[in-house]
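Have a look at the structure below before the remarks.
What follows is calculated from the coordinates using simple rules that are stated; it is not laboratory data. Just so you know, these numbers come straight off a predicted model, no measurement behind them. In this analysis, Cβ positions are derived from the backbone assuming ideal geometry, glycine residues included, and neighbour counts consider all displayed protein chains.
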Amino acid sequence: METMSSTPQSQQWFDRAVQVSPGGVNSPVRAFRAVGGTPRFMTSAQGAWLHDADGTRYLDLVGSWGPMLLGHAHPEVIAAVTEAASRGTSFGTPSPPEVELAEEIVARTPVDLVRMVTSGTEATMSAIRLARGFTGRTRVVKFAGCYHGHVDSLLAEAGSGVVTLGLPGSPGIPAHVTADTIVLPYNDRDAVTAAFAEHGDEIACVITEAAAGNMGVVSPLPGFNQFLSETCAAHGALLVSDEVMTGFRVTRSGHWGLDGAQEGWRPDLLTFGKVMGGGFPAAAFGGRADVMALLAPSGPVYQAGTLAGNPVASTAGLTTLRLADDAAYARLDDWSAQARALVSSALDDAGVPHVVQNVGSMFSVVWGLTEPVHDFAGVQRQETHRYTAFFHAMLDAGVYLPPSAYESWFVSAAHDDEALTRMAEALPAAARAAAAATPA
Ligand SMILES: *Cc1c(COP(=O)(O)O)cnc(C)c1O
């Protein structure tokens with residue numbers, strides 16, 4: 001494992017950070033608690049590469065947890081943002097960029113109307129409120145291992161940092177707030193049918209990640225999302241498809257481009273974030289016109305935001321989406337496929353049982369198992385100690401992976417042959433470290 005002295009600047013920043021911030025970070029998984037060691041303090045980034053405070057350059061497979069679809073500091077995005085910022089950073093009035101971004105989202109996705117917010121958490125929170133307002137019902141169905149931001153009612157059996165840190169849920173959330181949340185196993189049609197049989201006329205909505213990416217990557221089984229859509233429709237409930245991670249990443253639209261668009265159905269509401277902000281705090285929710293019409297000021301369901309639709313953030317998102325053409329998605333998919341093959345063959349060579357799971361260009365590894373997993377119980381059977389060893393060996397070789405086995409790896413359109421070479425050079429030793437790892 002690494003020594004502190006290899007990262008003296010990051011260590012100094014971390015020492016300062018813990019004096020002034022809980023755990024030294026502003027989002028839990030960044031703290032490296034699951035893998036140990038000193039979190040790297042990054043000072044700049046370009047394309048597929050990150051640079052830390054000690055001057056080390058890393059190939060980035062986190063991409064700011066998803067937003068950096070084009071890679072870091074894309075020159076056209078930076079130019080557009082700089083120009084927008086020079087004209088003022090926030091007006092507190094409507095402005096053209098938010099309209100153009102909304103038009104782009106409406107053109108790419110199955111939403112009729114869209115409302116901008118500033119984080120994915122706000123998007124799902126607002127979508128749930130709207131679904132409850134529209135249906136006049138209170139219960140919400142979610143799936144174990146799916147993460148929808150840190151919304152009180154949705155933190156029950158959530159993925160991402162909640163599972164990384166082994167938290168059972170979270171203190172500070174009154175029991176009555178989660179009493180209306182029904183948590184079901186992901187991909188389990190029978191459980192959904194049973195929940196609707198028992199509570200059908202009380203369920204406001206089912207919220208699901210369009211494809212799960214916060215327990216590692218777990219695809220919906222073929223037809224599962226369509227089944228959710230039909231089941232909701234049959235019971236007067238709404239389907240909320242959370243595309244905060246997958247939106248504008250796995251296809252031009254998101255995961256809906258892989259199932260709903262082909263199968264001829266659409267979610268009632270969708271949530272977006274990450275890519276649509278181009279690295280700035282911008283997110284959105286949208287959907288059916290008759291449902292969205294209930295939002296204030298056109299309807300009675302209240303929702304608002306001081307910085308919502310911010311002109312600089314909207315410009316970053318809009319420029320990113322305009323540059324994300326078919327060629328960019330083809331590059332992402334191609335690079336991801338090559339990287340997955342490299343990872344898999346290195347692990348095979350080292351004798352590490354594994355499954356590489358992907359949804360489009362998003363992927364992660366299930367450690368120590370040989371069959372794909374389809375739900376949270378499945379991914380929890382994996383051997384995370386192998387990832388800890390693998391993670392540190394990759395980091396030492398200059399590849400920055402998510403500091404948790406329960407997170408997706410993200411690639412960008414800037415990931416090129418040099419990036420693949422870095423992967424290929426780093427993998428054999430990391431795979432051997434994973435093979436040699438023993439449980440803590
Ligand atoms: C990241 C994420 C969120 C939360 O978004 P924030 O901007 O971090 O609040 C919600 N849902 C999914 C599927 C996500 O991946």
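Each residue, GLN19 and ASP417, gets one label point 7 Å from its Cα in the Cβ direction; the gap between the two is 4.9 nm. A crude spin-label estimate for the pair HIS176 and ASP112, with each label 7 Å from Cα along the Cβ direction, gives 3.5 nm. Enter the Cα centre distance for the pair the stretch 63-86 and the stretch 296-317, rounded to the nearest angstrom. Spelled out, the Cα-based centre of one part sits 21 Å from the other.
Pulled fully out, how much extra length does the chain show between ALA234 and THR370, if you take 0.36 nm times their separation in residues and subtract their Cα-Cα distance?
Values: separation 136, 0.36 × 136 = 48.96 nm, distance 3.76 nm.
This chain segment gains 45.2 nm when fully extended.
Residues considered: HIS199, HIS374, HIS255. Largest GNM mean-square fluctuation over the chain, using C-alpha springs under 10 Å, is found at HIS199. For the chain, the longest principal axis of the Cα atoms and the long axis of helix 326-350 meet at an angle of about 50 degrees.
Taking the C-alpha atoms only, the angle from helix 75-86 to the longest principal axis of the chain is near 60 degrees. Three semi-axes describe the equivalent ellipsoid of the stretch 76-323; taken as square roots of 5 times the Cα gyration tensor eigenvalues and ordered largest first, they are 29, 18, 18 Å.
For the chain, what's the relative contact order in percent, using C-alpha pairs closer than 8 Å and at least 6 residues apart? Walk me through the numbers before you get to the answer.
Numbers: 905 pairs, mean separation 96.5, N = 440.
Relative contact order of the chain: 22 percent.
Applying the criteria of a DSSP loop state and at most 15 other Cβ atoms within 10 Å to the GluC sites (Glu not before Pro) of the stretch 1-94 yields GLU2. Once you divide the Cα radius of gyration of the chain by 2.2 N^0.38 Å, the number left is 0.95.
When only alpha carbons of the stretch 146-244 are considered, Rg and Dmax amount to 13.4, 38 Å. When you count the other C-beta atoms within 10 angstrom of each residue and take the mean per peptide, 427-439, 262-274 line up highest first as 262-274, 427-439. Ranking of SER21, SER119 by neighbouring Cβ atoms within 10 Å, starting from the fewest: SER21, SER119. Computed packing ranks the peptides 411-419, 298-306 as 411-419, 298-306, most packed first, by mean other Cβ atoms within 10 Å. Put the Cα centre of the stretch 422-436 next to the Cα centre of the stretch 240-272 and the gap is 35 Å.
Springs join every pair of Cα atoms under 10 Å in this Gaussian network model of the chain, and among ALA346, ALA80, ALA327 the largest mean-square fluctuation is at ALA327.
Please list 36-45, 214-223 highest first by mean number of surrounding beta-carbon atoms within 10 Å per residue. Can you show the working numbers first?
Numbers: 36-45: 18.2, 214-223: 22.2.
Peptide ranking by packing, descending: 214-223, 36-45.
Loop-located trypsin sites (Lys or Arg not before Pro) across the stretch 318-426 with a Cβ neighbour count of 15 or fewer within 10 Å are ARG381, with loop assigned by DSSP. Across all directions, the shadow cast by the convex hull of the stretch 70-160 built on its C-alpha atoms averages 8.5 square nanometres. The fewest-to-most ranking of ASP201, ASP396 by surrounding Cβ atoms within 10 Å reads ASP201, ASP396.
May I ask you to derive the FRET efficiency for ALA197 and ALA377 from their Cβ-Cβ distance with R0 = 25 Å, giving the value to the nearest 0.05? Once the sixth-power term is evaluated, E becomes 0.65. Relative to the longest principal axis of the Cα atoms of the chain, helix 224-234 runs at roughly 20 degrees.
Of the GluC sites (Glu not before Pro) found in the stretch 93-127, no site is in coil according to DSSP while having at most 16 other Cβ atoms within 10 Å of its Cβ.
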